[in-house]
Every structure is written in C-alpha cells, then in structure tokens.
Amino acid sequence: MKTRATVYLIPTTLDEEGLNSLPHYILDAVKSTEVFFVENERSARRFLKKIWREMEIDRYQWFVIHKLEEEVKQEFLKQIQQSRQIGILSEAGCPGIADPGQILVAAAQEAGALIKPLVGPNSILLALMASGMNGQHFEFHGYIPIDSQERARILRELEMTSRKQGSAHIFIETPYRNNSLLESILKTCAHSTRLCIAVNLTGKSESIQTKTIETWRKAVPEINKQPAIFILQA
C-alpha cells in the first residue's frame with residue numbers, strides 16, 4: 001500500500017531568543033521530513049540547525065515559497081504525488097497564518113495529503129491573549145495602507161466598527177514603518193479608544209501594553225525596527 005504524503009506545518013520562533021516557546025515534539029516532525037518548502041531558506045536552515053545540531057542540511061531538498069509561486073506549487077504537488085514527507089516553514093511563527101505558506105496548504109488539501117499543523121508561537125494570538133481585548137470577536141487585517149489619507153480613513157472605519165460591535169482589530173506594519181503607523185493612530189483615533197502595542201514577542205525585551213490613545217499620547221514609545229502587533233478596540 002502506497003504511503004500517504006504528509007505535510008508538516010512547522011512553527012518557528014518569533015524571536016531568536018525564543019527557542020523555549022517551541023514544544024519538543026517539533027523536532028520529531030523535522031526528523032521525519034524529507035523536503036522543505038520555506039519562506040526564507042537561509043533563516044530556515046539556521047533555525048533547524050539550532051533545534052537539531054546534528055542535522056545534515058544538504059541532504060534535504062529546499063524550495064523557497066513566494067518566488068515563482070506557480071512553479072513552486074507544481075513542484076510541491078509533485079512531491080505529494082511521490083508520497084514524500086514535507087515540511088513547510090514560515091519566516092517567523094506559524095505557517096499559513098499571515099504567511100505565503102497558505103498557497104501550498106490549500107494545494108495539499110485539494111490533493112488529499114495528510115496535513116499536520118504543529119503547535120507553536122503565533123504573534124497575533126499571543127498579542128490578543130495579553131491585550132485584554134475581545135478574544136471572542138476580533139479581525140486580523142494584515143498591513144493597512146501606507147498612504148496617510150487612506151490609512152486615516154481605514155483607521156476611522158476600524159474604530160467605528162469596533163465601537164458598534166465591541167470587536168478588536170489587529171494589524172501589523174513593516175518594522176521600519178512602525179513609528180509612522182503609531183503616529184497616524186494617535187492622530188486619528190479618539191482619546192478613549194484602547195490600543196495594544198505588542199513588541200518583540202517571546203524575546204527578552206518583550207513588551208505588551210494596552211492603554212487609551214489619550215494615555216499613549218503622553219508618552220509615545222520608540223518602536224522603530226522592532227517586530228510589533230497593533231490591536232485597536234473602541
């Protein structure tokens with residue numbers, strides 16, 4: 001009987017100092033894997049060597065997600081047809097969540113492969129858990145517009161929706177634009193609206209704070225070039 005292809009969704013650290021946030025059983029999945037599809041090959045190799053020093057990296061096949069997606073998808077399906085044991089790794093956190101790996105997971109579902117999501121750190125959920133905001137009614141928006149006018153419009157819409165529904169709204173930004181986004185939030189949103197800023201999750205300098213816009217305006221944090229999650233609730 002032909003062995004069924006297995007796709008392991010392997011979580012990685014959010015911070016290089018956060019290895020203790022990963023459960024030990026991830027190593028078992030890595031040892032079972034024959035071929036890897038990764039967001040960034042260099043950082044994926046470095047991460048895997050950290051959790052398994054004896055790993056002979058060059059014995060494995062490597063494919064980079066988010067480059068020539070259709071070609072990568074076809075190679076992925078070929079590996080599934082060959083009943084290979086496949087690992088998908090994100091650049092940080094859990095594959096398929098705010099991550100290009102979802103393209104391959106969808107293909108694996110269609111192909112009938114066995115999909116094994118593994119437990120690991122996810123910045124969106126960790127920030128929400130610690131924010132004190134509505135964990136039963138929330139929405140993740142990914143990146144919001146860079147243009148200042150469009151960004152302000154979206155922020156006002158999110159604030160209005162939150163006020164009506166009591167919902168929490170989660171979004172992110174490229175780290176070097178964090179200060180610009182925070183400036184827009186503090187200019188645009190009402191003084192009573194709450195904002196959670198979660199920075200460097202699982203790292204030694206982790207900070208997760210929820211304050212009103214009015215309070216944040218009195219002492220604006222410096223979060224430039226630090227991975228951050230923003231959560232808004234009116």
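Those strands (runs of 3 or more DSSP E) of the stretch 129-215 in which at least 2 residues are of a type in the set (Phe, Trp, Tyr), considering only elements entirely within it, cover 138-143.
Somewhere in the stretch 126-139, is a residue under 30 Å from ILE57 (Cβ atoms) and either surrounded by 13 or more Cβ atoms within 10 Å (Cβ to Cβ) or touching a helix residue (DSSP H, G or I) at 6+ places or on another chain (Cβ under 8 Å) (or both)? Write out each step before concluding.
Of the residues in the stretch 126-139, the ones under 30 Å from ILE57 (Cβ atoms) are 126.
If we keep only those that are either surrounded by 13 or more Cβ atoms within 10 Å (Cβ to Cβ) or touching a helix residue (DSSP H, G or I) at 6+ places or on another chain (Cβ under 8 Å) (or both) as well, we get 126.
Looking for residues that are under 30 Å from ILE57 (Cβ atoms) and either surrounded by 13 or more Cβ atoms within 10 Å (Cβ to Cβ) or touching a helix residue (DSSP H, G or I) at 6+ places or on another chain (Cβ under 8 Å) (or both), one finds at least one in the stretch 126-139, hence yes.
Could you tell me which residue of the stretch 81-92 is least open to solvent (accessible area, probe 1.4 Å), considering only residues that are over 18 Å from LYS31 (Cα atoms) and not polar (S, T, N, Q)?
So the first thing to find is which residues in the stretch 81-92 are over 18 Å from LYS31 (Cα atoms), and the list is 81-82, 91-92.
Filter once more, so that each one left must be not polar (S, T, N, Q): 91-92.
Details: GLU91: 85, ALA92: 48 Å².
In this case the residue turns out to be ALA92.
Would you confirm, using the coordinates I've provided, whether ILE231 is assigned to a loop (DSSP other than H, G, I, E, B), surrounded by 17 or more Cβ atoms within 10 Å (Cβ to Cβ) and of a type outside the set (Ser, Thr, Tyr)? Taking the combined requirement at face value, the residue does not satisfy it.
Does the stretch 4-22 contain at least one residue that is surrounded by fewer than 18 Cβ atoms within 10 Å (Cβ to Cβ) and farther than 30 Å from ILE229 by Cα? Checking the stretch 4-22: at least one residue is surrounded by fewer than 18 Cβ atoms within 10 Å (Cβ to Cβ) and farther than 30 Å from ILE229 by Cα. Within the stretch 140-153, can you find the residues that are open to solvent by 30 Å² or more (accessible area, probe 1.4 Å) and in contact (Cβ under 8 Å) with a residue 12 or more places away in the chain? Answer for the stretch 140-153, where residues must be open to solvent by 30 Å² or more (accessible area, probe 1.4 Å) and in contact (Cβ under 8 Å) with a residue 12 or more places away in the chain: PHE140, HIS141, TYR143, ILE146, SER148.
Please work out which residue is most open to solvent (accessible area, probe 1.4 Å), limiting yourself to the stretch 93-111 and to residues that are in contact (Cβ under 8 Å) with a residue 60 or more places away in the chain and closer than 17 Å to GLU75 by Cα.
Taking the stretch 93-111 and keeping what is in contact (Cβ under 8 Å) with a residue 60 or more places away in the chain, we get 93-96, 98-101, 104-105, 108, 111.
Narrowing the set further to residues that are closer than 17 Å to GLU75 by Cα leaves 100-101, 104-105, 108, 111.
Numbers: PRO100: 19, GLY101: 1, LEU104: 4, VAL105: 28, ALA108: 0, ALA111: 53 Å².
Applying the filter and picking the extreme gives ALA111.
Residues in the stretch 42-80 that are open to solvent by 60 Å² or more (accessible area, probe 1.4 Å) and either in contact (Cβ under 8 Å) with a residue 12 or more places away in the chain or touching a His at 6+ places or on another chain (Cβ under 6 Å) (or both): how many? Summing the residues that are open to solvent by 60 Å² or more (accessible area, probe 1.4 Å) and either in contact (Cβ under 8 Å) with a residue 12 or more places away in the chain or touching a His at 6+ places or on another chain (Cβ under 6 Å) (or both) in the stretch 42-80 gives 5. Which residues, taken from the stretch 105-142, are of a type outside the set (Lys, Arg) and in contact with a Phe, Trp or Tyr (Cβ under 7 Å, 6 or more places away or on another chain)? Residues satisfying the conditions are ALA107, LEU118, ILE124, LEU128, HIS141, GLY142.
In the list GLU183, GLU173, which residue meets the criterion of being open to solvent by less than 90 Å² (accessible area, probe 1.4 Å) and of a type in the set (Asp, Glu)? Give the derivation first.
On the way: GLU183 fails: open to solvent by less than 90 Å² (accessible area, probe 1.4 Å).
Exactly one of GLU183, GLU173 is open to solvent by less than 90 Å² (accessible area, probe 1.4 Å) and of a type in the set (Asp, Glu), namely GLU173.
The values are calculated or read from the model by the stated rules, or taken from the named source; none is laboratory data. Small disclaimer: the values here were computed from a predicted structure and weren't measured. Positions of Cβ are backbone-derived with ideal geometry, glycine not excepted, and every protein chain shown enters the neighbour counts. The protein model used for the area step is the full one, side chains on, heavy atoms only, and it has no ligands, DNA or RNA in it. Shrake-Rupley method; radii C 1.70, N 1.55, O 1.52, S 1.80 Å.
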